[in-house]
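Single-structure report; data block below.
The values are calculated or read from the model by the stated rules, or taken from the named source; none is laboratory data. Computed from a predicted model, the values in this text were never measured in an experiment. Every residue, glycine among them, receives a Cβ derived from its backbone with ideal geometry; neighbour counts consider all protein chains shown. When the accessible area is computed, the model is the full protein with side chains, heavy atoms only, and any ligands, DNA or RNA have been set aside. Shrake-Rupley method; radii C 1.70, N 1.55, O 1.52, S 1.80 Å.
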Amino acid sequence: MHSATLPPDLRTIAREATRNGSAFAPQRTASIIGLGHWSPAEVVPNSALAGRLGVDDAWIVKRTGVQTRRRAAPNERLSDMATWAARRALSDAGLEANDIDLVLVATMSQDEITPNTAPLVAHELGAERAGAIGPITLAADGSLGPAITCSFEDRVIKMDGHSTYQTAVKRLCEATVAAVARAGMELDDVDLFVYHQANGRIIRAVGERLDLEPAKVADYVAHMANTSAASIPLTLSLLREDNRLRAGQKVLIAAIGAGFTWGAGIVEWGIA
């Protein structure tokens, strides 16, 4: 269809897109260099589903175009399928697992509520560097996945407390040192250290191991507890409310979570 014959609303969109597209745009630096896929072996025809849906095969085909679909076997996990597809993509690109900077897995049906699928796939691939991008340090170790789990069946978080504590202290310390070094700074140059507020003992242990000034280490666990993904934004807001976070300060932000995944980075606070 020529743009002149489009409906008015779509013609407006096309005109705006053309105008915007003619403006200067930065050179694209990202590209797709490898593809890979994997599908379960079992083929499920419409006839296997039509009866319980109260329709027939022809109805499904007419309205969706679908004739068959694949079904994973009981022993085939999403993380397995993602790993097998990723290996094909790596082979297609002529890359090794250690060449990977970051592993992303998009899904609506991961194997458990936690740990997330991406670090498990990175571990199975042998992508030991996955997560190391730019001045912000990111990392993952899927071999530690069993330390914190939550299945869809019982929906209860199960944690190896001792292992989690040791891992959190070790990795947060490492991430802190790496992020500060990548920013060309020293620990003394940082005005505030804002860690994931999961456990006061972990925060204190990190501060002690790095010999940080206690006044520079945020700790609101006592009265806020572990607010999970909200903990760092909440802590930043509380710090500002307490007049401890001010414009121009250098703030280290670091977090760790199930999977395990962890990361840290330096930001210069710009909000008065």
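Structure above, values below:
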| read-out | value |
| --- | --- |
| Cα-based convex hull, the chain, per residue volume (Å³, whole number) | 245 Å³ |
| Cα-centred dipole magnitude for the stretch 34-78, charges only on beta-carbon of K, R (+1) and D, E (-1), debye, nearest 20 | 120 debye |
| Peptide ranges 139-150, 35-46, 203-214 listed from the most packed, as the mean C-beta count within 10 angstrom indicates | 139-150, 203-214, 35-46 |
| Percentage relative contact order, the chain, counting C-alpha pairs under 8 Å, at least six apart | 16 percent |
| Residues whose placed amide H lies under 5 Å from that of V217, excluding near-sequence neighbours | F193 |
| Residues with amide H under 5 Å from that of T114, placed H, sequence gap 5 or more | C150 |
| Helical contribution to [θ] at 222 nm, DSSP H n ≥ 4, -39,500 (n - 2.57), averaged over the chain, rounded to 500 | -11500 deg cm²/dmol |
| Residues with amide H under 5 Å from that of D56, placed H, sequence gap 5 or more | none |
| For the stretch 53-62, Karplus couplings with θ = phi - 60° (6.51, -1.76, 1.60), whole Hz, Gly/Pro x | 8, x, 9, 10, 4, 4, 4, 5, 5, 4 |
| Selection from A215, V194, A181 lying farthest towards where the dipole of the chain points positive, charges on Cβ | V194 |
| Within a Gaussian network of the chain (alpha carbon springs, distance under 10 Å), most fluctuating of R71, R15, R246 | R15 |
| Cα lying deepest toward the dipole's positive end in the chain, options T12, A168, I100, charges on Cβ | T12 |
| Rounded if a/c under 1.5, otherwise prolate or oblate - the stretch 66-129, Cα gyration tensor axes | oblate |
| Unit charges on C-beta of K, R, D, E only; dipole of the stretch 115-272, Debye | 140 debye |
| Net charge dipole size for the chain [Lys, Arg +1 and Asp, Glu -1 on Cβ; Debye, nearest 20] | 880 debye |
| Top of Q67, Q197, Q249 by mean-square fluctuation, Gaussian network on the chain, Cα under 10 Å | Q67 |
| Selected from G257, L49, I33, residue furthest toward positive end of dipole (the chain; charges at beta carbon) | L49 |
| HN-Hα J in Hz across the stretch 139-145 - Karplus 6.51, -1.76, 1.60, θ = phi - 60°, x for Gly and Pro | 7, 8, 9, x, 5, 8, x |
| For the stretch 121-272: accessible area per residue (Å², 1.4 Å) | 52 Å² |
| Rounded to whole Hz, the Karplus (6.51, -1.76, 1.60) HN-Hα couplings of the stretch 195-207, x for glycine and proline | 9, 3, 8, 8, 7, x, 5, 5, 4, 5, 5, 5, x |
| Ranked packing of 220-232, 74-86, 109-121, most packed first, by mean Cβ within 10 Å | 109-121, 74-86, 220-232 |
| The chain - percent of accessible surface contributed by carbon and sulfur, probe 1.4 Å | 55 percent |
